[in-house]
Every structure is written in C-alpha cells, then in structure tokens.
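Presented below is the structure to which this report refers.
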C-alpha cells in the first residue's frame, strides 16, 4: 500500500485517509458517508499548574532536556569484522560493535537526540565449558568479568575513545550502562586491587535470592563493594570523559550507596573537560538514570529516595510508558489484561503517579527498550495497524508527539524512529522463543537500520527529529509546568509553561478527526494561538478557539 503522507496546514502531523466502510447487506447498498468529526468543548482547565518536580519548574537544564538514543551494542551495527559475538538473545546478526556505532553517529544525530546510551561494553570472559546460554548472556554485557576493560568482541579502548570524542563533536552526550549489583563470577580486580563482596541478589521488594549459574551479586553491606564501584565510575569518566550512567536493576544498590556514587560521579566529572559540538570546553554532565521496572512506589523507595535522603536524580518512567502504549497500541500482556486502545484520559494517570516522587525526581519517558516489545509490534499485536497502513505510522507519530511534550528527559530506542518491527512477529511466542530470539523480553534486539530507508521510514525519522527540535526552541516542553486542561475518550490537552514560553499540546487518539472548541478563559489567553509547525494562527471567535485535530495526531500551539 502506497503512503501519501502530507502535512495539513503545515502541522506536525500527517493526515490519515479514513476508509469507507460498506454495509454488510446486499451488493446494491450505498456506501455511507464517513462519520463526522468528534466535537469537544472545553470551558475550563481540569487541573491546576504542576510545578513541583525538578523538570516542571520552568528552568531549562541539560538534564531536563536530555533526548537519549539507546543502542544495544551487540545488535546494532557491524563496523569491524574482527569484533563480534555471533550469538546472543534476539533476532539480530549479533555482530554489533563500537565501530558500527561510530559510523552511525551522523544518522543518530539526525534523529534529533542529544545523547547516546550504550548497553554495557565491559569485558565478559568466557569460562571453560560454559554453555550456549551463558555465551548469549555474555553478549548482552550485563554480567561483566572486567569492569575496567572494553570487551574485545565489541572493539578496543581506542575505538571507544574515538566513539566518545566523535559523539561529543556532534553535540551528543555519551552514557554507559552501569551494572553495579551483579556480574559474572570470574570478576577481575580493579587497577588498585579492589573487589566487591559477593552476596545474595536483591529483588525489587527488598528480598534476596541466590545468584544463577556463573553469576554473582554484590553485597553493599561490606564497604569494599561501594569502594570498588566508585573506582569503576571514576575510571570511565576520567579516562574517556563519558557524561554519566544508565543504571541497570537499580534496586540492587541501596539508596544510600546511590547517594555516595552520585557524589563520586559529580567529583569525577568536575575533574575533567572536553570540547563539545559548539567548540566550547565543558565538563562531563555527570548524570545518572536508574532502571527500576516497577510501579511508582518502588521507584521512589528503591531509586529516588526521599527529599531528606535522596538517591538517584532520575529513573525511567515505566508507569508512564505503560500508559502510553496502552493508549496508542497495547501493552505486552494485553491478552490477559486487555490493556489496549484505552481512552486518551488514560494518559492523565501518568502524572498522578508522580505524586509519589520527591521534588528532585526527573522521570525519563521512553516507548521501548531492549527488554520490551517494539511499539510497532505492539500496534500489530493489538490489531490496530500494520506497516503497510497509514494508521501504523500515525500511531508512532502520536506517541512521539506525546513524548515531545513531556517535562523531563526522554529516551528513544534505536529503530523506533523509523517504525521498526520484527517481521512475522506480533503474537507472543511461548514455545522455544529463546532459541528463535522471539521472547518478549529480548525480541526488540534487532539489527539496526541506518541506510536505504523507505519513504515511510524517512518521513517518520524526519518527523521525530522535528518534534525533538521543538524541545530546544520551546523550553516549556522539556522543563515547563504542566496544567491538565482536558481529557476524555479521544482528546488529551495539556498546557505547558516556562516563563513567557507557553505551549498548548492537543492530541487526538481516535481514528476520526476531532474539533476542539476551547474557551479562551480555559487557558487565560484572549490572543491568537500559533502552530509551531508552520506559524499558522488559530484566531479566537465568539465561541473561543476552534481547533481541528486530525485523526491520531498531536498539535503544538504557542500562545
């Protein structure tokens, strides 16, 4: 099916042609006219301004405006024939390496991101007689044998330094994946002869369990453990000038130790500098973001800590991510939960969860990661569109529009910016899925694609870059207060404020056009609204603003 993407009045949307659906009767039946637009009238804002969390205060910081691009190193791109694993979890060729990522930096920069997150690159050393499953786990990098060496199956230390330097020259921050709660049981000592104390592994609820075969977990009850990992974070910052850490299974490290590691990261970052993309001399950002695949209560308790005893500054917004995919596609377990194609009002619940977080929290919103099913496959699993249909691409654009309006950092998973999916996969595979590379928790680890994009892929990538660019020119998006104006089954409206920069985000999650009539008093402005796509105006009339929003689309209106 050929796409005919076009912009409606230059908006940051692509119009969707609705199919004519014939009646189920005889062949002589006339084709009915398509349903008219959804009509919504908004007289007053539904909520009050929210400005408590770190990225809701109207003050732009590099951390709030982070737009991270996650790369699965072993899967993404083969740039060095001598460096590869050749095995792993997922459906890629498992030949990814550091040179392949360096070669793709211009493409990555072209998505509109400003930061690169690499899955672990620490060396994993093969043990005599280890089985195929351990080989595959080694390829992930998540069970390191040596935290101070680049895995030769990914490349060399010189290649990593080149990657970091070239990324910095393009204005990209670089983050490594820090796995500080577990490792392989053949762990090498640090350059100063430190080692962590081994113990049981910690789960999300604070309980413990024994490590798996060939694995070990860290005991932070022994000061030697913290000292070891302080040396790890210092080494990579001072040697390569990385900008911080994504922290795997962050609940395995006590909050108090995160506070100590946070100080170590800050001290190391202040001790070195590099030249960024503008030619300025800057220090590494020193940012940390934790992975706690949990609800808001556990994310607060095991990651952020409290105002009086803070831990991590940022954590991935899993509760928000699930609401996003539930609304525009469906979550992975929809067969039992029926959490698919939910009302637009479901999105408002994301911000309700933030009440659990301390003021310093910076939730990082993502759509996919290496442990989740790709958004494109979730659309198909929910029966809401296929890659040969316009609606598939529209759902991607709507999701990225919502992310662009998020106060705080966001993360793109490689390939989502071109609507990547796993061919011939949608329904969950339950038999022999690991052998096929099709289990839900690793199926998204596909070979990256940066060349020979289709017209639809090129269009989506350009659209994502435009949306991400809006966050640079409109501080209200990345760092503004949020006022919830309205939401129902089909329409979602937020107001974002950062000083004089004020943006109204209006999204239609239905497959019909919507017409929103908004009273000027609902946003406290009698003036015109300016569309950020083409500077066209929405002029208030007797009934207020009349805002058309095409199906499955978002509009950004400045006032």
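The values are calculated or read from the model by the stated rules, or taken from the named source; none is laboratory data. Fair warning: this is a prediction, and the values are worked out from it, not measured in the lab. Cβ: placed from backbone, ideal geometry, glycine included. Neighbour counts: every protein chain shown.
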Is it the case that residue 307 is in a helix (DSSP H, G or I), at pLDDT 95 or above, in the same structural domain as residue 211 (by TED's automatic domain parsing) and farther than 23 Å from residue 412 by Cβ?
no
Are any of the residues in the range 505-516 over 21 Å from the mean Cα position of the chain (by Cα) and more than 23 Å from residue 385 (Cβ to Cβ)?
yes
Would you confirm whether or not the range 272-285 contains a residue that is surrounded by 17 or more Cβ atoms within 10 Å (Cβ to Cβ), touching a strand residue (DSSP E or B) at 6+ places or on another chain (Cβ under 6 Å), modelled with pLDDT of 95 or more and within 17 Å of residue 248 (Cα to Cα)?
no
For a quick check of your reading of the model, give me the residue pairs whose first member lies in the range 432-446 and is within 18 Å of residue 135 (Cβ to Cβ), whose second is outside any loop (DSSP other than H, G, I, E, B), with beta-carbon atoms closer than 7 Å and at least 6 apart or on different chains.
439/433
If I go through the range 180-220 residue by residue, how many of them are touching a residue at least 12 places away in the same chain (Cβ under 8 Å), within 27 Å of residue 129 (Cα to Cα) and assigned to a loop (DSSP other than H, G, I, E, B)?
14
Are any of the residues in the range 257-267 in a loop (DSSP other than H, G, I, E, B), surrounded by 17 or more Cβ atoms within 10 Å (Cβ to Cβ) and either assigned by TED's automatic domain parsing to the domain that holds residue 122 or out of contact with any helix residue (DSSP H, G or I) (no Cβ under 9 Å at 6 or more places or on another chain) (or both)?
no
For residues in the range 531-547 being buried (at least 17 other Cβ atoms within 10 Å of the Cβ) and touching a residue at least 24 places away in the same chain (Cβ under 8 Å), which is nearest to residue 347 (Cα to Cα)?
547
Take residue 413 and tell me if it is in contact (Cβ under 8 Å) with a residue 12 or more places away in the chain, assigned by TED's automatic domain parsing to the domain that holds residue 546 and either more than 22 Å from the chain's Cα centre (by Cα) or under 23 Å from residue 112 (Cβ atoms) (or both).
no
Conditions first: (1) in a loop (DSSP other than H, G, I, E, B); (2) surrounded by 19 or more Cβ atoms within 10 Å (Cβ to Cβ). Residue 358 passes all but one, so which condition is the exception?
(2)
Looking for something under 19 Å from residue 399 (Cα atoms) and surrounded by 16 or more Cβ atoms within 10 Å (Cβ to Cβ) - is there at least one such residue anywhere in the range 514-528?
yes
Return yes when residue 142 is out of contact with any strand residue (DSSP E or B) (no Cβ under 6 Å at 6 or more places or on another chain), part of a loop (DSSP other than H, G, I, E, B) and over 30 Å from residue 108 (Cβ atoms) and no when it is not.
no
With respect to the numbered conditions (1) at positive phi; (2) in contact (Cβ under 8 Å) with a residue 60 or more places away in the chain, which one is the sole condition not fulfilled by residue 524?
(2)
Please go through the range 319-334 and pick out each residue that is assigned to a helix (DSSP H, G or I) and either modelled with pLDDT of 95 or more or under 11 Å from residue 346 (Cα atoms) (or both).
319, 320, 321, 322, 323, 324, 325, 326, 327, 328
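Matching residues to (1) buried (at least 23 other Cβ atoms within 10 Å of the Cβ); (2) within 18 Å of residue 78 (Cβ to Cβ); (3) within 25 Å of the chain's Cα centre (by Cα):
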position	(1), (2), (3)
134	no, no, no
137	no, no, yes
141	yes, yes, yes
144	yes, no, yes
147	yes, no, no
153	yes, yes, no
157	no, no, no
170	no, no, yes
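For every residue, the table says whether it meets (1) assigned to a loop (DSSP other than H, G, I, E, B); (2) touching a strand residue (DSSP E or B) at 6+ places or on another chain (Cβ under 7 Å); (3) under 30 Å from residue 469 (Cα atoms); (4) modelled with pLDDT of 95 or more.
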| site | (1), (2), (3), (4) |
| --- | --- |
| 30 | yes, no, no, no |
| 34 | yes, no, no, no |
| 39 | no, yes, no, yes |
| 45 | yes, yes, yes, yes |
| 61 | yes, no, yes, yes |
| 76 | yes, no, yes, yes |
What tally of residues in the range 90-120 results from selecting those that are surrounded by 24 or more Cβ atoms within 10 Å (Cβ to Cβ) and assigned to a loop (DSSP other than H, G, I, E, B)?
6
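This table checks each residue for (1) out of contact with any helix residue (DSSP H, G or I) (no Cβ under 8 Å at 6 or more places or on another chain); (2) surrounded by 17 or more Cβ atoms within 10 Å (Cβ to Cβ); (3) in the same structural domain as residue 304 (by TED's automatic domain parsing).
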| site | (1), (2), (3) |
| --- | --- |
| 189 | yes, no, yes |
| 193 | yes, no, yes |
| 201 | no, yes, yes |
| 208 | yes, no, yes |
| 212 | yes, no, yes |
| 218 | no, yes, yes |
| 221 | yes, no, yes |
| 230 | no, yes, yes |
| 238 | no, no, yes |
Selection from the range 286-304 of residues that are outside any strand (DSSP E or B) and buried (at least 17 other Cβ atoms within 10 Å of the Cβ):
286, 291, 292, 294, 296, 298, 299, 300, 301, 302, 303, 304
